[in-house]
Structure formats: C-alpha cells, structure tokens
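**Student:** Sharing a structure here in structure tokens format.
The values are calculated or read from the model by the stated rules, or taken from the named source; none is laboratory data. This is a predicted model, so every value here is computed, not measured. Every residue, glycine among them, receives a Cβ derived from its backbone with ideal geometry; neighbour counts consider all protein chains shown. Areas reflect the complete protein model, heavy atoms only, side chains present, ligands, DNA and RNA absent. Shrake-Rupley method; radii C 1.70, N 1.55, O 1.52, S 1.80 Å.
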Amino acid sequence: MYLGRWTLWSLPRRGLICYLIAVELLASSATVFALVRVPPAKTTLLPFVVLVVGMLVSAELARPLERVHSDGDTAAGLDAIWLFAGVLLLPPGLAVGLIVIAFLYRGIRLRRRVPHRQVFGAAAAVVAGLLAFSVLAATGVHPLIGATRDARTFFLIVLAGAAFLACTTALAAAAVFGGAPGSSLRSSFGEPAWYAFDAVALALGVLLAWTLADWPLAAVLIIGIVPVLQRGGLVRGQREQSRVDPATGLLTAGSWARAAQVDLERAGRREASLLMLDLDHFDQLNERHGRRVGDEVLRAVADTLRAEVRSADLVGRLGGDEFVVLLPGSTPFDAMAIAERIRLRIASTAVALRPRAGGSQFAGSTVSIGVAAQPGDGTTVDGLLEAAEHALRRAEQTGRNRTVCTDALGF
C-alpha cells in the first residue's frame, strides 16, 4: 500500500498524527547517532545472524497466536525475547536492525495489520531498545559478553528491562488514548496480563543472551520454551478473539454491549446518543464481487468509523453488515453531524478490484444510519438500541443512504 493512502493521514486528531511522526523521527535520528557513536564490529555479526534466524523460526511457530491479535496491537509480543537479547549482546545499530527485521517480517506475513501502526510499533521498540542500551552502556554492563556475573550486573540488567518495558508502554499509551477511537486495544490496554506476558518475554531474553554469551548450545532450550509460551498466549488470544471481531478488529456485539453499559453508568446523568449502521444492498455486493471484496469493504467501513468518531466513543460490529457506535455525552444534533459525516465518507470509500476488461475497477457501498438519543437519567443500552433500530428501518424504508434520528423515549 502506498504511503499516501495510509489511514494515518485520515486520523481525526492532527496532534496524534504529529505524535506518531515525532516518535518515528526520534527513532531514526537516535539510530543514526548510535551508529556514529558505536559502529558495529565484525565479531558481532555472528550473534546477530543467530538472533535473526532464531527470531524468524520463533515467529513462524507463533503465527497462529499472532493472527488472533487485534490489528491495533503494536507490541513486539514473543519477538521481545529476541529483541531484548539483541539489546544485551549487540551494538545499537545491529539491535535496531533486529527490531526492523522483526516488524517487517510481521508486516509481510500478517497482512491484516495496519501499516502506520506497525511502523509506530517498530519506532517505539527502537526508542525503548536504545534507552535500555544507554542504561547498560552508562553503567559499563554492555555488552553482556565478558560482563561480571554479580548482583550489581543482575540489578542493572533488570533495570534496563524495566526501562524497555516502561518506554514501550508509555509510548503506546499516548497513542492509544490520544486518538484510537473505537479500538478494542483501548478497552484492554493496561490489563495486568499484558504486562506480565511482556515481562516474561524480557526475562527470557536475558536468559537467551546469557546462554549465547556463555554456552550457545543451551539456547536450544530457550527456543524450546517458545511453543509453550505460544500455547499460553494462544489461550489469551482466543479470549481476545471472542471479544474482538476478527474481520474488522471492532468489538463483537456482546463485548460492545457490556462495555457500552459500563460507559453509560460511568457517564451518570449526561445524555448519550447511539448510531446503528447497515450497509445498503451488501448482499448484492457479495454476490457480484465475491466475499473477499465484501470483507475488504467491511474493513474499510470499520477504518472509517474508527477515524471519524472520538476517542471516548465505542464502536462495535453487531454482525453481518451492521455496526453500532455509542456516543456518550453527545446531543442529538452532535450525533446527527457525526452520522452524516460517516455516511458521506463511506459513500466515497471504495476498494480496488482486480482489473477486468470493461469492468469496474472499484467497489463500495452506501450506508443507512439510525440515530437515537435520550437524557442520561435512566439511559440503558437496550433502550438506545431499540430506538436506533427503529430509526434505521425508517431510513431504509425511505430510500436508504440517509440518516434518520429518533428520540429513544418516544419513537
């Protein structure tokens, strides 16, 4: 996909775009500085090659796990074992190369991931890796080869690992909460299980670096642990998959309803609005162009919804070609403005088709939207859904590709 067509440029918050680009520029400039200050030596090429090969083998073993993750996930995951080992063993330039290879490989093998998020994830890992390297270099511990094995060295390595984890978490948190509206990652960010999994990966990275430095053959045992981690992570990924729609990355109907009720209760007496969307004649699009194109249209619609709503709003997929958006604290006027903006953008969104002689090169759909709103006092998800569905049916009965608003208290 061309850089100019990335969804990065359609994000609603310009500050978020600037932040993502700033982190990437910081990673690039820090890498150049590190290469000038600490150029790679020939003796470090062998451990670099070993880490690259081991990481790629591990990534292939973990592909089932990675495929059930949300497309919004920018973390290194199981690759952190190899990346942190690289930070401990390699000069910074080669450590950065290891990180870039890891994210490039994931981007190629798992095409469902959003490109600008993966670029940001790689940049965040580079910044975190260089920070951890700086902690070790400033204290004389880097590289681990030849370092004294004492309590001080152990403490400094743990400190470097904590710096790596804290840096990646802080950079990701700023992006997630600064403008990833409707993302399932936002609702799960900060769960202890995520931190524990990453901490275990870094701990294994320490053991891997140690074995490569003192007894390289023992690294085979570390590699053997990866399938076990994969099994445990897969259980977590399957729970995530049951909460997240795998085709669009949005919340499933049940997960959305539970999260929406929590948001409404948290909002208290503030008014709330809800949008229910149904793609017009989507079955005909599937029959004409095939399910693959239909799935691409669904993903494009999901991207549009994420881009057009606010970070506090909640987006889900009800099933089939129906979507829903909760707008806490929104008046009917605000909700109608957002719905119209979404409707117009979806109407202008198209996915490319394989070239056919004399045939259309693009496919897309329009959308009908039902808007419901009611005061915050006594607001329930079921009441808003019922009213929004009533408004949606009116929009479809009166011609489709339009927005209809109704009052949840008296439709």
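**Student:** Order these peptides, 286-298, 310-322, 81-93, 200-212, by their mean beta-carbon neighbour count within 10 angstrom, highest first.
**Tutor:** Highest mean packing first, the order is 81-93, 200-212, 310-322, 286-298.
**Student:** Computing the accessible area with a 1.4 Å probe over protein heavy atoms, can you report the carbon and sulfur percentage for region 257-350?
**Tutor:** The computed percentage sits at 49.
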